[in-house]
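Enquirer: Got a structure for you, questions after.
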Amino acid sequence: MKAIDKNAFFVHVGYEPHRLQWLFHSSEARFRVPVCGRRFGKSRMSAMDEAPGLMAPKRRGWIVGPTYDLAEKEFRVLWDLFILQLRFGQNKKVKKAYNKRSGEMYIEFPWGTRVECRSADHPENLVGEKLDFAIMSEAAKHKKDTWERFIRPALADNRGNASFPTTPEGYNWLHGLWQLGRDPSEPDFESWQFPSWTNPYVYPDGREDSEIKLVERTTAHEWFLQEYGADFSAFVGKIYGEFTEATHVTEVKFNPEWPSYVGYDPGYTNPWAWVFFQIDPQDNVYVWKEHYKPYLQLAEHIAILRNMSKPEGYHLDMAFGDAADPEACASINTNFVAAYAEPEAKKNWREGVDLVKSYLKLQDVYSPGGGLVVVREQAKKHDDHALDALRYGLMHIFKLGCNSRLSDLYTGTAEVDADRSYLLGPDGESTFFNMEDLEF
């Protein structure tokens, strides 16, 4: 049997995707991640995309929801199409069930093709099948384990495809998958951000539609950006609500003429975060590289960083980190680069957060006044640890004035005082000193 022509099938059943839905339908990627605002039409789009394939023989697919209730949205589209509109329900050879309460929802065609709902609430039902396709309904609500442990292996035998229609819920596992779709070196993945107002059938006036404006005026800003703007960075309750990927993430190249720093936040089970950044003459901050890995000792991190690929003209001037781990500061100073770890940078947490937020304000990040730019290739993981690492760096530089090597300022020695700051020393030797004791 020849493959069903998708466009012809859509015409036959009267389905008219709007312009951005066609981007999804036209994609040849094996794994597609459409991140959508409410009422964009993601459930109908994802279900209709698989509908032509159900006319081919001996295919098996799952609609997997975090619960049966959520999986039912895509299934309802297929039920209405095949059982009601096309009247397949009148054929006794078509086996079917639609019981959301029990979770028994499936359609099985006489040619051996079957689509059914499965729930991640019942992982015992997610094993043992070879799948040709899967729809991960409301993918951001799924656990990463559901995809990697159960669904992804089931697609291997038949080289099956999967789609992940969802509204975002912050920088969780789905964001990492979505980032793969933006990477030109991963042609099997493609991803999009589709705000609600790009559906002309529901919001004919687009961003200026009166309904969109009403919702925006009467709901929390972060909630509106997440639920209607399909914005990962705007999840409700996060500290840095000013961060938006569209504004702050772009291509960044290392500039040998600018000072070069790294901020670090120690961890083990939680990843140890290293954020490499530069500051231009207008005080704009450019994050050009991140290193972010769990379950490694400090010596292993340093070995990786010392041997990493370096851009032309690379230099690293100083490191800034958490004063709660003075031994880490000493080791970094001895084995990697001169390091500061001032207690004030950690104690004044609120001031540090406000400082980072000031660099995230929506502004022209290339203009005087200070802004933040993050390299696109390294913006794959955002959470408290990476931002804490950046916070330590900005606090030391802009609030505490720790932007010069000790050997540039002071050539003597200082008596060890447990209450004083642990800092880099000349010639790689660690030294305790008090900033107030120095004359600049």
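The values are calculated or read from the model by the stated rules, or taken from the named source; none is laboratory data. Remember, it's a predicted structure, so these values are computed and weren't measured experimentally. For neighbour counting, all protein chains shown are included, and Cβ atoms are generated from backbone atoms with ideal geometry for every residue, glycine included. For accessibility, only protein heavy atoms count, side chains too; no ligands or nucleic acids. Shrake-Rupley method; radii C 1.70, N 1.55, O 1.52, S 1.80 Å.
Enquirer: Of the GluC sites (Glu not before Pro) in segment 256-350, which ones lie in a loop per DSSP and count no more than 12 other C-beta atoms within 10 Å?
Expert: Answer in residue order: 257, 312.
Enquirer: Here's something else I'd like to know. Sort out for me the Cα centre separation of segment 104-125 from segment 1-50, rounded to whole Å.
Expert: So the two Cα centres are separated by 21 Å.
Enquirer: So, with a 1.4 angstrom probe, what is the percent of accessible area on segment 194-236 that is carbon and sulfur?
Expert: 55 percent
Enquirer: In nanometres, what is the gap between the two model label sites at residue 69 and residue 306, each 7 Å from Cα along Cα-to-Cβ?
Expert: For the pair residue 69/residue 306, the computed spacing is 5.6 nm.
Enquirer: Still on this structure, please answer the following. Could you go through segment 168-180 in sequence order and give the Karplus-derived ³J(HN,Hα) for each residue, using 6.51 cos²θ - 1.76 cosθ + 1.60 with θ = phi - 60°, rounded to whole Hz, and x for Gly and Pro?
Expert: x, 9, x, 8, 9, 4, 5, 4, x, 5, 4, 5, 4
Enquirer: Using alpha-carbon pairs under 8 Å, 6+ residues apart, how would you state the relative contact order of segment 174-223 in percent?
Expert: Computed over segment 174-223, the figure is 18 percent.
Enquirer: How much accessible area per residue does segment 248-319 have, in Å², with a 1.4 Å probe?
Expert: For segment 248-319, the solvent-accessible area averages 45 Å² per residue.
Enquirer: Counting only C-alpha contacts under 8 Å and six or more residues apart, can you give the relative contact order of segment 76-178 as a whole percent?
Expert: With pairs under 8 Å counted, the relative contact order is 19 percent.
Enquirer: Moving on to the next point. Efficiency by 1/(1 + (r/R0)^6): what FRET value for residue 87 and residue 221, r their Cβ-Cβ distance, R0 = 45 Å, to the nearest 0.05?
Expert: Computed FRET efficiency for residue 87 and residue 221 comes out at 0.40.
Enquirer: For a quick check: with amide H placed at 1.01 Å from N, whose amide H comes under 5 Å from residue 118's, ignoring anything fewer than 5 positions away on the same chain?
Expert: 63, 64, 65
Enquirer: Remind me, relative contact order of segment 1-143 in percent, using alpha carbon pairs under 8 angstrom and six or more residues apart?
Expert: 28 percent
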